[in-house]
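Trainee: The following block contains the structure, expressed as structure tokens.
What follows is calculated from the coordinates using simple rules that are stated; it is not laboratory data. The structure displayed is predicted, hence computed values, not measured ones. Cβ atoms come from the backbone with ideal geometry, glycine included; neighbour counts cover every protein chain shown.
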Amino acid sequence: MSIRYFMFALLNCCLLSSTVYAEESEADAELLKAVATLDEAFSKRDKETIRSMTDPMHISISPSYQFFTQEAQLKTLPELKLTFFKASPKIIVHPTPRTALIRYEANIEGTFEGKTLAKHVQILESWVKKKGKWIETSYQETPLP
């Protein structure tokens, strides 16, 4: 392989990388807006928005609860009482252009069914873009020291 071919290939990779990064940046802004909308829906107990932004087979797992369908979670929504939720910056990974994993830490104060929630957790959310709209498919909290 000649040096000229190697440099051409390297330049093409750099150009392709910058194009992909710009697209991901726009996708991330759209995704983060969806995340904020869903977070607000949970804080307001807005069942219709939650229903429209989560998959019917949505899985939600934390040290305090486990739900394996959207409807099961919506039934017990009144039992979730959050008084404080502060998240660290989110790290987003796109396994494909239409899927995303979001990881971050959060400090939480509140209860579920009268039991105290874990105070410091790592959160992992999975999202899929369906018909042009981001939908959360799973949410998991893992307690941290």
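Trainee: Of all alpha-carbon pairs in region 89-145, indicate the percentage at a distance above 17 angstrom.
Mentor: Summing the P(r) tail past 17 Å for region 89-145 gives 46 percent.
Trainee: Normalised radius of gyration for region 49-100, please: alpha carbon Rg relative to 2.2 N^0.38 Å, two decimal places.
Mentor: Its radius of gyration relative to the 2.2 N^0.38 Å reference: 1.37.
Trainee: Test of the criteria: in region 49-145, which GluC sites (Glu not before Pro) are in a DSSP loop and have at most 13 other Cβ atoms within 10 angstrom of their Cβ?
Mentor: Taking region 49-145 and a limit of 13 other Cβ atoms within 10 Å, the loop GluC sites (Glu not before Pro) found are Glu113.
Trainee: May I pose another question? State log₁₀ I(q)/I(0) for region 15-145 at q = 0.10 Å⁻¹ as given by the Debye formula over alpha-carbon point scatterers of equal weight, solvent excluded.
Mentor: Rounded to two decimals, the profile gives -0.33.
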